[in-house]
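One structure is given here, and the rest of the page talks about it.
Please treat every number below as a calculation from the coordinates, not as lab data. Note that the coordinates shown come from a computational prediction; the quantities given were computed from them, not determined experimentally. With ideal geometry, Cβ positions are generated from the backbone for all residues, glycine too; neighbour counts draw on all protein chains shown.
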C-alpha cells in the first residue's frame, strides 16, 4: 500500500497558469508512459490544467499545442455535450466566462457556440473557437497524456471518442463518481482510470475496486501523516 500511495502523490502535479515553462523539448509520449507506469520512478509528471493557458485560452487547441511544445506530460481537459450531441472542450456548464457568448452548453448547438470566440488570456492576436474534443484528441495523439474530466458526458460517447482517435494508451478517465468509472470499465476494461478519493479509507477502497494506475488525492486530506502511512 505504501508504494502505491507515495506514487500517487509524486506522479501528478498541476501546472498553474502563472508558472513559467519548465521544459524546452516537446512532449515525448513514450517517455511519459514509461514514467507513468513505473511505480519506482522518482520523476514528477507535470500536468497542465485545462491545457497550458499562460498564453492561449483554456481548453483551446492552441493551449493544447503550447502544452505539447513546452514538454508538458499530461493535459487536463474538460468535456461537455452540446444540445446536438457534439463533445466539446468546456469547463463550465455555461459559455459565459470563457467565450464572448452566453448560455448553457446543453442548450446550444455546436454551430451556435461557434459563432462566439474564446476570450483571450493575453495579447495574443489570434482568434480561437471552442474546439471539438475529437480535434483536441487528434492533436494530442501520440504526443502527450490526456486527463479527461468527465462533465456529465456519456461514458459510451467518451470511450467511442478514445477509440476513434486511437488515444487508448494515453487517455485517463477522471471522475469523482465511481459509478461513472464503472461504466467506462464495463465498456472497455483496458481504459486507464483516475478516480478521486476524499479519504485514506476511500483510497484503499478504490485500489481494491479498480486497481488504477493513479488516484486523484483530494486536497481535503492531502496531509503527510495520512498520505505516507
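Some values worked out for this structure:
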quantity: Stretchable slack from residue 96 to residue 199, in nm (0.36 nm times residue separation minus alpha-carbon distance); calculated: 33.7 nm
quantity: DSSP-defined antiparallel bridges as percent of all bridges, the chain, nearest 5; calculated: 20 percent
quantity: Length added when fully stretched, residue 83-residue 166, from 0.36 nm per residue minus Cα-Cα; calculated: 27.3 nm
quantity: Ranked packing of 116-122, 88-94, most packed first, by mean Cβ within 10 Å; calculated: 88-94, 116-122
quantity: Calculated FRET value between residue 138 and residue 104, using beta carbons and R₀ = 30 Å, to 0.05; calculated: 0.65
quantity: GNM flexibility winner over the chain from 190, 77, 98 (Cα, springs under 10 Å); calculated: 190
quantity: Extension gain (nm, one decimal) between residue 211 and residue 189, 0.36 nm per residue minus Cα-Cα; calculated: 6.8 nm
quantity: Ranked packing of 204-211, 41-48, most packed first, by mean Cβ within 10 Å; calculated: 41-48, 204-211
quantity: Where labels lie 7 Å past Cα in the beta-carbon direction, separation of residue 117 and residue 31 in nm; calculated: 3.6 nm
quantity: Size-normalised alpha-carbon gyration radius of the range 47-109, reference 2.2 N^0.38 Å; calculated: 1.16
quantity: Estimated inter-spin distance, residue 55 and residue 176, nm [label 7 Å along Cα→Cβ]; calculated: 3.4 nm
